[in-house]
Structure formats: structure tokens, C-alpha cells
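All of the numbers you see were taken from the coordinates with simple rules; none came from a lab. Remember, it's a predicted structure, so these values are computed and weren't measured experimentally. Here the Cβ positions follow ideal geometry from the backbone for every residue, glycine too, while neighbour counts run over all protein chains shown.
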Number of protein chains: 2
Amino acid sequence: MSIQVPAQWRSALPYLDERLPEDRTPQTRAGGSVQVNLPMELARQSIQQKEFWDIPAPVQEAYRSFRPTPLWRASRFEQAIGSRVPIWVKYEGENISGSHKLNTALAQAYYYHKAGVRELVTGTGAGQWGTALAAACSLFGMRCTIFMVGTSLERKPYRGVLMRLLGAEVHASPTTLTDVARQSGGQGNSLSLAIGEAVEYAARTSGAAFCIGSGENYSILHQSVIGLEAAEQLAEHEAEVDAVIGCVGAGSNFGGLALPFYTEAKASGGTMPRLVAAESSSTPKLTKGVYAYDKTDATGTSPLEAMYTIGSDYSIPDSHSAGLRYHGAAKLISALRHQGYVDAVAVDQVTALECGRVFTQTQTVLPAPESCHALAAAARLATSGAGDLRAERGILVCVSGHGYLDLGAYQQLLDGTLRDQAPSPAALLAAVSGLAPVDSPARQS
Amino acid sequence: MSIQVPAQWRSALPYLDERLPEDRTPQTRAGGSVQVNLPMELARQSIQQKEFWDIPAPVQEAYRSFRPTPLWRASRFEQAIGSRVPIWVKYEGENISGSHKLNTALAQAYYYHKAGVRELVTGTGAGQWGTALAAACSLFGMRCTIFMVGTSLERKPYRGVLMRLLGAEVHASPTTLTDVARQSGGQGNSLSLAIGEAVEYAARTSGAAFCIGSGENYSILHQSVIGLEAAEQLAEHEAEVDAVIGCVGAGSNFGGLALPFYTEAKASGGTMPRLVAAESSSTPKLTKGVYAYDKTDATGTSPLEAMYTIGSDYSIPDSHSAGLRYHGAAKLISALRHQGYVDAVAVDQVTALECGRVFTQTQTVLPAPESCHALAAAARLATSGAGDLRAERGILVCVSGHGYLDLGAYQQLLDGTLRDQAPSPAALLAAVSGLAPVDSPARQS
């Protein structure tokens, strides 16, 4: 590999057709907005129409311990699935957190540390974000407190061990430590509740700040290293792709991979590849949700954001892809979907993991269940005979993490006990019925 | 990284002070030697005094998917332990098998496949070798059958899932499939029993061959890529080391790392770094064993080899470092120990895993419990105030694998329930009392 770790992140914000809809104050509680101590640089990265952002030297140095991440052609996988086109894999699993989440964890820990914060508090679903933040806090000498979705922690206790090993304090959410957990009575979207607990806990802990791994414009900006590297690596291979695919929880690995291609095409006037978001059929916000103002967590005190959502109150069924178990898509990804730049495919977990099994056997890389959704979407575009969602020249797909701590899911696949749990139309309708739609007219996409 | 994957393995055999002692026919059963269908090239690699061996092109190509493996300076770890000297880490954990074992698995699968073998059968303790062989068989389109130590499989069920995911058939040993298991009555060294089961199963299965991951001269030869790369990488960093350290089960990662330094010093007349084998205090063959002829497995039909051993009949206590739970050291490593070229340090698992915890926090790389023994030995040489085992200029240490499937061990460490189980002097004495010593006079080392 002769390419370098990028020295700058690249933002898509200056190239949107329309500005992002403003956040709204929640109407459920009067003046209830939580004071969030967001470091100035992260606030600027969220809103400024600036294209290139220097990566601070200590973050670049930390990146160099695991970046550039590998990109390779999955030839044996192509052969096994009967692909028409080359499939290029960008692999983000080879770091202590086991996923792309470390890209933003390091940046955030750096900015918070510089702002004088001594403890970072967060919520995590699959545990990859929690692990990444624990690792980043360890590097910058900060305390780290993590609220992990209890059902997920129970299923993957070793995620908790790894975070503790990295020095973090780990709580199974719902806990008895917060009002939001007490008031929820154990109901609602469990990741947004874990996040809500973290928000509340941070707000009343001296020297602490809440931070979040996905969904914010700045976290997607930090992830742009994925796509920037991939573009260079593809050029090195003289490879061309007409589809770029990532799985979507809130959208940070998808955004990190895909938006540099969006931005480059907008900036240069070049051809834009199809940008394909692969979501879980158990949380089908992009394929079956609505574009509306919804809550990002269960506190009800954070701003309402314009997003594709299946409703923040919808009780998402348990699944092995905890990283995709989020009710909404990031506002930036949602806006691009709304503006017609993002396609979406929903994949069920049996199809996803079976695809992961084939990938493991052929490529000897074990993908996380979340990433298997992206691989299954790639397989669909690579083999489909007709229709819109079809790649003709080549596919770039992000394998966002490894599956070493998810082998229980693969065990169910091998034993034939894995099942799908897509929501019923009635349940979805009920969950979104109270939301305010985003005002601008929706385009078909 | 500008260095290339080596095109040749390098053998230490031409540079031994004395030839290796010949294997002996077991005396326990008349004419009982099992017919082993060893491919000609592996047989040649075991005995010929040839220094450089071309790596076959398909093996080189497979290597390139995960090699060169990274080498870096563990500066934050040095700081945390108060090291006097730079500590350089060669990390072999970033491949599907999670350890160095893939280096020889690929080579062996290639040679057996070329020889017309359609199924490889093996025994595995920690499961890293089994995973590596399953991956290699998958690549070369061969069947793979694995006998894994039952207590180890119970502790790490996901190792079994990963092997099955790679297409292998996995049995918990002792099984009811073999005579050797039935006759053992569940007694004895469990890894040698698993190996014994595999030997028997392969012998009576058409198109199948038994193969083994560690201990043979050819497997140590295949592992020489580790040390060859490391020497080049150190030169790139203009770094000098006077101690080279690896953990020892039978000795393949230690041999792979250290012997290229031995060979180069012998060939060039240069200074040889201290070669330090880090073993588990629960299997202290190099520090407390005898140099004698002993069995390599529980069948009693394989040749007796000259090795440092605590006795193949010694019932090794359960431990988290299943990869170190082997009664003897490879004959090549044993001979070099006997000739005074190899130092040894025994490390207990609490010390090892605590060192691994510090390493994880400071370097954000999670080492396997086995590898933690090497790190603990490195820490001792890097900080000891006096005595022979002391590094003055720099240390090279192999982290042979990752610990993602060993988090149960770290959990016990964090919870304070991890215990050591060193054998009593009386038990050791009883286990080795029937063995024939190797004839040449022992030197003090």
C-alpha cells in the first residue's frame, strides 16, 4: 500500500442541493433542551459550509496505527455468488474496536479533551461504538462511562469485558441510575433509551460530557477517511465502480464511505456512482419509514431532527445486528435520500448472515452481522438480472467491522435457528402517526 | 510499509552445532508406527540441510492477503511498565485464524493438496490451529476434520463456530469415534489425546491425511516468514534488539520469530540476540522439564522424539492459554535449548493476563492469553535490575494472536477470579521418571 492516511476530512455539506432542515425544539417539555457542551470545533463541523478540515496531528498519529485500512477485490466471493462485476471491499475491522467507529471516537475524544472534559459518557447498542470510545479515552487519558443496551450486553458479554479491559465503566441499560430509565418502565427503543441514560448521567456529572458515535454531521465527516482512502486505492488499482454500498444504523460508515464520492462528483462535475444504503429489514427507516421530525433519543429533551424514521417510540425487535437497531437515519443521510441521491435496500438477517458465511469461506474475513447486510446488498446489485438497482461496472462495499464477538449469530445460522423479525405495516404506521412531516415536498427516489 | 512478503523460507537446520537426535521407534507396541503420508516436500523440509526454500506461488499469493504483518514500537506500553529499552512488537493476529498458525496451514494444505489428499484431519487445543487449517482447506477446496480439546471447546464454543463457518467438521475430544479415546478413559494430556484421535481417524479414512500445526521442523520453517519480515522491518526503523521473545507451546511462533535471527548470526558471524522462550508455568518443559525421548501424542504409535518435556502422560491442568498446554517443546527448539542458544522464562497466567491488560489499554491491541506470556517475559527483560535475563538495547516480541475469542480469561482477571496452577515437583518427577534421557551430555544454560 503506497497511499497515505488522509491529512484532511472532506465535508459534503457545501454541496447539498438544499440546506439541511433546521432542528426543532422538542414540544413535549417546556424549555427542556439539555445543555450540551459540544466542543467548538465539533459544532463548527456540524454546520459550516467548509469542504476540507485538517485532521489534528494527534488524531492523525492515532489513525496511523490502523490506517490506511485495506481495500481488496473479493474475487472468490464474486465467483461464489456469480457476480457480473468486480466487488471491491474496504475493510474497517482491523482495530481494537473492531469497526469504523474508532475513526470518530479518536477525533471526538481529542476535541473533548482539548476542551477540558475529563469524562466521556455514551450509549451503545452493539458495543462497537462503546469499545471505540473506551479505546480513545484510554489513549487521551480520560474517564469513560458506557450505557450499553442490556439485551445486547447479555448476548455479547465479552463486548463489556473488552470495554472494561480498556478502562471503561460499563452499565447495562436500563439501569436504576437515571430518571429516563425509571420513567420508561423498560419500554421503547432500547438504543435510544441507553443514549438517553447517557445524556442524563453526563448532564449531572461534573467534568463529564455526553458524546455520540453516529448520526451527527461531524461523525460522518470524521468517517470520510474511509471513502477518501477507498477512492485513492481504487485509482491505484485502476478500478471503476458504479455502486458504493454500506450498511446503515444511523449512517456513519455508509456516509463515510459514500459521501466523498458524492462530494467529488459534485465538485468535479464527474459521474456519481449509485450510493446504496443497506438497512436491516427489522428497522426499515429508509425503505418503509417517513421523512419527519423525530427524537434522536428517549430523553425527549434533545432537539427534534428531520430524518427518515420508523418512529422513535417503535419497539424494535431484538436482533443480532444491534448496530442497525436504530429507528432513524442521520439527518444528512436522510436529506440526501430525500433529494434522490441515496438508494436503499432492506436485507433480512438470515440472508445477510448466509452471505457473511459465504464471504468468510471465500475471503477468510469474518464480517460483523451489520456488515453482512452491505455484502448482501452488494450481492444483489452484482447478480440481479434487471431493474434499477443493478451495477454494471463495479461495486465498492464497506465491511465496517469484524464478527469475532458475534459468533453466536453465526452459530444460529449454522444450526438453522436464526429467524427474521420485520415489523408489521400496522405497527410501523402506529409508530410514525404522531410525527410532523418535513415541510419540503418529497421527491420520488 | 515498503517491505515485501518473503519469497523464500529460511531454515536453521544447516547451522546447528550438532545434528538433531534421530527419532526412535516407540517400544510400547511392536512395529506400531503409523504410516504417515507426508508429502515429499514436507519430508525434505524436515531433514535436508538446505537453507533457503522457495515459497510456492499460490502460498505466496495467500500470504499477501495478510502479510507483511505489522511491526511497531510499543512506546506507551514501555512507558506504562517503566521499560529501559525500546520494545518492538511483531503482530500476527490480523488474519481469519487470529494467529500465526495460518503461515504453516496454507503451506501444508498446498503440499497435501498437490499430493492428492482430499481431506486434512488434525487436533487442536486453543483452536487457533484448527481455525487456520479450516481456512486453508477452504481456500484449496479440501475437506477438513478437527478434533478439538473438549474442555477448550466448552470454554470457547465460538472457536468451533468459526471453524464450522469455514466449512470444517468439528469434534469435541475425547470422542467415541476412536480407539485411542476409548482406551484413554479420559486420562492424560488432552491435546496429545486430541492429536492421537486425529492420527487414528485419518489413518482409516480414505483420501485423508493427518497434519499438525506445530513442533515439526517444516512448520517452524514455514513460520520463518515472521522473523524474516521482522528483521527487515527493524532495519527499516534502524532499530537494534538484543533479545527476541516468543511464547512456546511446541515452539512454532517462537521458532518462526527467533530462528531467522539465529541463522543470520550463524551465517554472517554477527552478534546473536538472546533468544527467549516464554512458556506457561503450568507446562514448564523448558525451565523444569527434562531433555528426553517422549511421545508427541497419545497414540503411542508415533516416533519418540528428543525434546524438553514434562512427560506426555502428565495431566496438564486446565488453563486459558490452551495453545501453551503441550507437554514438550519441538525437537528443534529443544536441541537449541540444549546447545545453549535458547533461554526460557516461565510465566504464570495471572501475571501474563495482567500484562495483557496493560498492553491492551496502552497499545489498543488485544493479545491472546498465549501471547501475553511473551509480553510478560518482555516486560521482565525490559525492567529487571540485574541478572542474566536483561535486555540492554531493545526487545523484539511476537504477539502471536488476538484475544477476541479469549475474553472469558480477561473477564476472570477483571473479576479477580483468575488462578494459577503450576505442577508440583513430585508430579513432574513422576511424569518424567520413565523417559529415556537424550544421550549427549547436557550443558548448563
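Tabulated data
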read-out	value
Summed residue charge, Cβ within 12 Å of B:Cys372's Cβ, Lys/Arg positive, Asp/Glu negative	-3
Net +/- balance of residues flanking A:Arg393 in space, Cβ distance below 13 Å, scoring K and R +1, D and E -1	-1
Nitroxide proxy distance, nm - points 7 Å out along Cα→Cβ at B:Ala267 and B:Thr417	5.1
Chain B: antiparallel DSSP beta bridges as a percent of all, rounded to 5	35
Per the axis that maps chain A onto chain B, nearest residue of A (Cβ criterion) and its distance in Å	A:Tyr404, 2
Cβ-based charge dipole, the protein assembly as shown, positive-most Cα from A:Ala258, B:Ala62, A:Ala278	A:Ala278
Neighbour-count ranking [beta-carbon atoms within 10 angstrom, fewest first] of A:Glu197, B:Glu22, B:Glu41	B:Glu22, B:Glu41, A:Glu197
No Cys partner within the rule (Cβ under 4.7 Å), chain A	A:Cys211, A:Cys247, A:Cys355, A:Cys372, A:Cys398
Environment charge of B:Gly93, counting only residues whose C-beta is closer than 15 Å and scoring Lys/Arg +1, Asp/Glu -1	-2
Shortest-first nm distances, A:Glu238 label point to equivalent points in other copies (7 Å, Cα→Cβ)	3.8
Beta bridges by DSSP in the stretch B:207-321, antiparallel share as percent, to the nearest 5	50
Lysine-lysine proximity count for chain A, Cα under 15 Å, sequence distance 8 or more or distinct chains	5
Exam field: B:Thr205 pseudo-label spacings to other copies (7 Å along Cα-Cβ), nanometres	5.2
Neighbour-count order for A:Trp9, A:Trp53, fewest beta carbons within 10 angstrom listed first	A:Trp53, A:Trp9
Across the identical copies, how the B:Gln4 labels are spaced - nm, sorted shortest first, 7 Å along Cα→Cβ	2.6
In nm, spacing of pseudo-spin labels at A:Ser424 and A:Lys50 (7 Å Cα→C-beta vector)	5.2
Burial ordering of A:Trp72, B:Trp88, A:Trp129, fewest other beta-carbon atoms within 10 Å first	A:Trp72, B:Trp88, A:Trp129
Euclidean distance between Cα centres, the stretch B:411-428 to the stretch B:90-164, Å	28
Counting DSSP beta bridges with both ends in the protein assembly as shown, the antiparallel % (nearest 5)	35
